[in-house]
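See below for the structure under consideration.
Just so you know, all these numbers are worked out from the coordinates, no wet-lab data involved. Every value quoted in this text rests on a predicted model; they were computed, and no experiment measured them. Using ideal geometry, Cβ is built from the backbone for each residue, glycine included, and neighbour counts are taken over all protein chains shown.
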Amino acid sequence: MVKFLTNPPRNLYMKVFIVQIVILLILIGSSPMAAAQNDAGEGYTNSQCAECHEEMADDHAASVHKDVQCLECHVQAVEENHEALAAVNCRQCHAPHDEKVIHDAHTRVACKACHQKDGIPVAEPETGLVIFSGNILSGRKLSPHQMVAERGDSLCQKCHFKGNALGASSMILPPKGILCMPCHAATFSIGDRTTFLSLLIFGVGMSGMCVVWFSGGRIRQSAHALQGGLSPLMVAMVADVLFLRRLFRLSPCRWLIHALIFYPILIRFAFGALTLSLSLIVPDTDLARAMLDKNNPLQGMLFDLTGLMIFTGVAAVLFRPKEGLQTIANLPKPGRTMTVLLGLIVLVGFILESLRIAMTGWPSGAQYAFIGYGLSLLLKSVPEITTIYGYVWYVHTILTGVFIALIPFTRMLHIITSPVVLMADVRSRIQANN
């Protein structure tokens with residue numbers, strides 16, 4: 001016995017483990033919860049549900065959910081008395097569409113508004129939410145089981161048509177793609193022609209610049225200068241690139257003007273990147289939906305304030321006195337053409353936001369976008385606003401595309417090359433001092 005206890009057979013532990021698992025499964029299977037689930041699964045099949053809900057059977061059999069058991073959606077129907085069931089939340093089974101499909105505007109659109117067969121989407125007067133109306137033109141009540149999974153323009157045209165009262169653009173607009181990322185919550189999409197052409201021209205320009213740099217050895221010199229001394233370079237990166245220390249030492253006034261343009265774009269980019277991440281990782285959280293909602297007070301105020309800062313910086317660049325301007329060694333002189341283009345992008349953005357607010361009926365929270373809201377009050381009597389919105393949207397997008405495409409061919413290229421040049425210069429100074 002002592003030998004058995006001190007040196008048991010090798011397979012004894014495995015046998016004991018298997019016995020424990022079997023006992024555990026028996027206990028779980030005989031528990032009241034498991035029994036209730038088994039009874040529910042066996043007691044309420046689709047055919048048995050149809051005995052009382054005969055009017056639903058044909059609709060369910062013809063829907064995209066024909067192979068889904070009733071209790072998978074109607075979990076409350078397990079109870080004996082289930083006459084007053086809560087509405088089914090589609091997200092019990094379905095993940096929400098990503099930003100590339102729904103855009104941020106559809107955070108206020110119910111699933112059934114789009115996916116209910118023959119349904120009519122309507123806007124709730126109190127909340128502005130776009131919901132499903134159960135009546136078709138004949139006045140017959142539609143079954144909630146007649147769901148469709150169609151995609152494409154035919155689905156979008158339920159809301160996006162000329163003269164709609166839903167606050168939707170009459171044009172079916174593409175999602176915000178890579179072009180929009182510097183200022184908005186957008187996706188890594190290149191689906192529209194404007195984005196494709198602008199990125200193509202930008203890529204050609206950057207390729208040409210790299211060829212010139214490689215042929216002159218500039219890239220190799222910069223790469224060599226950046227080797228070693230990582231800690232001083234990181235300090236210089238934060239001080240000179242992020243906080244613009246070198247520019248502040250040269251001219252506090254120029255630093256302020258540059259900061260009015262640089263920091264708002266940086267803040268917008270960080271906000272958009274965080275919003276996109278949340279919409280992909282935790283799309284059903286209140287935080288993700290709030291950050292996508294343009295009528296959220298925080299987003300409305302943040303974007304109008306940053307837009308105003310950029311516009312102020314642009315005006316300062318264009319109208320500041322030219323006398324006494326100094327430049328930093330190895331960096332290009334400031335240009336004005338691209339600055340004007342940037343100001344136009346912001347200006348059209350404000351107009352576009354005012355059109356959106358007016359088009360959607362001045363929803364709650366929109367007043368915090370104080371510039372867009374103020375301009376929208378001037379548009380109360382403007383006809384065909386849902387059509388105008390689409391054209392202005394394309395003007396805003398095309399201006400942005402032109403700006404991106406011209407970066408490699410203008411002095412605005414410094415937003416890409418300046419960090420490299422500054423770091424190389426810092427490294428050269430470090431080596432000279434050593």
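Could you compute the net charge surrounding Met301? Neighbours are other residues with a C-beta less than 15 Å from the C-beta of Met301; K and R count +1, D and E count -1.
Residues near Met301 contribute -1 overall.
Among 69-77, 380-388, what's the highest-first ranking by average C-beta atoms within 10 angstrom per residue?
The most tightly packed comes first, giving 69-77, 380-388.
Quick one: length gained pulling Leu287 to His53 fully straight, 0.36 nm per residue minus the C-alpha distance?
Taking Leu287 through His53 to full extension adds about 80.3 nm, to one decimal.
What's the ranking of 164-172, 201-209 by average number of surrounding C-beta atoms within 10 Å, highest first?
Highest to lowest by the protection proxy: 164-172, 201-209.
Could you tell me the calculated FRET efficiency between Tyr391 and Leu256, based on Cβ-Cβ distance and R0 = 35 angstrom, to the nearest 0.05?
Details: r = 36 Å, r/R0 = 1.03.
Computed FRET efficiency for Tyr391 and Leu256 comes out at 0.45.
Suppose a student asked you for the relative contact order of the range 242-309, using Cα pairs under 8 Å spaced at least 6 residues apart; what percent would you report?
About 29 percent, as a whole number.
Would you list Val238, Val317 from fewest to most Cβ contacts within 10 Å?
Listed from fewest to most nearby Cβ atoms, that is Val238, Val317.
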